[in-house]
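Each value in this text was obtained by applying a stated rule to the coordinates, not by laboratory testing. Only a predicted model underlies this, so the values are computations on that prediction, with no experimental measurement involved. Positions of Cβ are generated from backbone atoms using ideal geometry, with glycine treated the same way; all protein chains shown enter the neighbour counts.
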Amino acid sequence: MRKVGIIGLGHVGATLAYTLVMEGLVDELVLIDKEEKIAVSEEYDLLDAQVYLTGKTKLIIQDYQALCDADVLVFCAGKISALGDDGDRFKELVLTSRMVEEVAPKIKQSGFKGVLITITNPCDVIAAYMQQLTGFPTNKVFGTGTMLDTARMKQAVGRTLSVDSRNIGGYVYGEHGDSQFVAWSTVTVGERPLLEWTKNIELQELDEKVREGGWNAFAGKGYTSYGIATCGARLIRMILTDSKTIVPVSAYDPSSNVYVGQPAVIGGTGVESMVECPLTEREQESWTHSVKIIKEALSTLPLKNK
């Protein structure tokens, strides 16, 4: 039986739940929100949708104990208004860290032993804080990290070169936030390195397009949901199928002693290994800077880097 839980049924959590039901990816889905009326409404809405679907997903709401035998749990609670006008994700930390402090003991008490994915921002810090407060193994707790940012990079490169974005390889590293960076040395078009594909490409201009991608999605409606929910659904599928797929997520990096976005192998036990790609000197400097930014934010919380 494939069982998944979602904590936080805002734009992202609700979209993720709908995606899982539409794809028939899970047999049981546990939905939990601070506001019971939201969970009830989502349950009824999803039940209505299932009338016209070929599969059937059992829905359970507001029951932490139902998480005891879940394979995957996704934490995506948050409040988009806490983001601030300048888009600084660290401004959300005061609110979202309290949410972790409230929820983590309930997750532990439920007997949950699966893989825990965090989407809540600031993603890297929240992943670290959730792992510290639950005490779960580091490989079983990770954040979506730069997976969505990498998708935005592939979109930007694909549009610029008039190539299907699914033929673009490579990764965005570091914080899911302002200090992230595209490791251009890892980017490929088909099987060829990007810099061999064309010598006329302006990397700085592409960098700006990658950063603008998220804000373009956010600006008109005040939130984003489809992209990140799809990332969450894909990660869940990787875990449930033990696919051993390489994707950039916010995983615990032993050498830096922090959660940070980087390529990792995702399978049935969560993060099964890290994938080390050789970075240029400039990229390594960007990595060091991003790690420093994440550590500084984490140091403001009651539990500090250990």
Taking Cα atoms only, helix 281-298 is inclined relative to the longest principal axis of the chain by an angle, in degrees rounded to 10, of 30
Value of [θ]222 nm, deg cm²/dmol, for the chain, DSSP H segments ≥ 4, -39500 (n - 2.57) each, nearest 500:
-13500 deg cm²/dmol
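How do D124, D69 rank when sorted from fewest to most other Cβ atoms within 10 Å of their own Cβ?
Details: D124 33, D69 14.
In order of increasing Cβ crowding within 10 Å: D69, D124.
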Listed residue pairs exceeding 28 Å between alpha carbons, taken from K3/K209; K108/K221; K108/K292; K108/K295
K3/K209; K108/K221; K108/K292
For the Cα atoms of the chain, what angle does the longest principal axis make with the long axis of helix 147-161, in degrees from 0 to 90, nearest 10?
40
17 Å Cα-Cα reach of K154 towards aspartates and glutamates, excluding residues that sit fewer than 8 places from it in its own chain
D164, E191, E196, E202, E205, D207, E208, E212
Return the aspartates and glutamates within reach of K37: Cα separation strictly under 13 angstrom, same-chain partners fewer than 8 residues apart disregarded; answer none if there are no such residues.
D45
Sorted by packing (mean other beta-carbon atoms within 10 Å per residue), highest first, where do 203-209, 125-131 land?
125-131, 203-209
Rounded to whole Hz and in sequence order, give me ³J(HN,Hα) for the range 96-108 from the Karplus expression 6.51 cos²θ - 1.76 cosθ + 1.60, θ = phi - 60°, writing x for Gly and Pro.
6, 5, 5, 5, 5, 4, 6, 8, 3, x, 5, 5, 4
Taking Cα atoms, the helix 226-240 axis meets the longest principal axis of the chain at an angle in degrees (rounded to 10) of 70
Length-normalised contact order of the range 3-143, Cα under 8 Å, at least 6 apart, in percent, tallies to 24
Candidates V51, V103, V260: whichever shows maximal mean-square fluctuation once the chain is modelled as a Gaussian network with Cα springs under 10 Å:
V51
Say each of S273 and Y223 gets a label point 7 Å from the Cα, pointing the same way as Cα to Cβ; how far apart are those two points in nm?
3.9
Return the sequence-ordered ³J(HN,Hα) values of the range 245-252 in whole Hz as given by the Karplus equation 6.51 cos²θ - 1.76 cosθ + 1.60 applied to θ = phi - 60°, using x for Gly and Pro.
8, 8, 9, x, 9, 8, 10, 5
Expected vector for the range 8-18, Karplus 3J(HN,Hα) from phi with 6.51, -1.76, 1.60 and θ = phi - 60°, integer Hz, x for Gly and Pro, equals x, 10, x, 4, 6, x, 5, 5, 5, 4, 4
Taking neighbour Cβ counts within 10 Å as the exposure measure, how do F181, F218, F75, F136 sort from fewest upward?
F218, F136, F181, F75
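Can you put C231, C277, C123 in order, fewest other beta carbons within 10 Å first? If you can, show how the numbers build up before the last one.
Values: C231 23, C277 14, C123 29.
Ordered by Cβ neighbours within 10 Å, fewest first: C277, C231, C123.
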What number, in percent, do you get for the relative contact order of the range 237-288 if the mean sequence gap of Cα pairs under 8 Å and at least 6 apart is divided by its residue count?
32
Considering only DSSP beta bridges where both residues belong to the chain, give the percentage that are antiparallel (nearest 5).
50
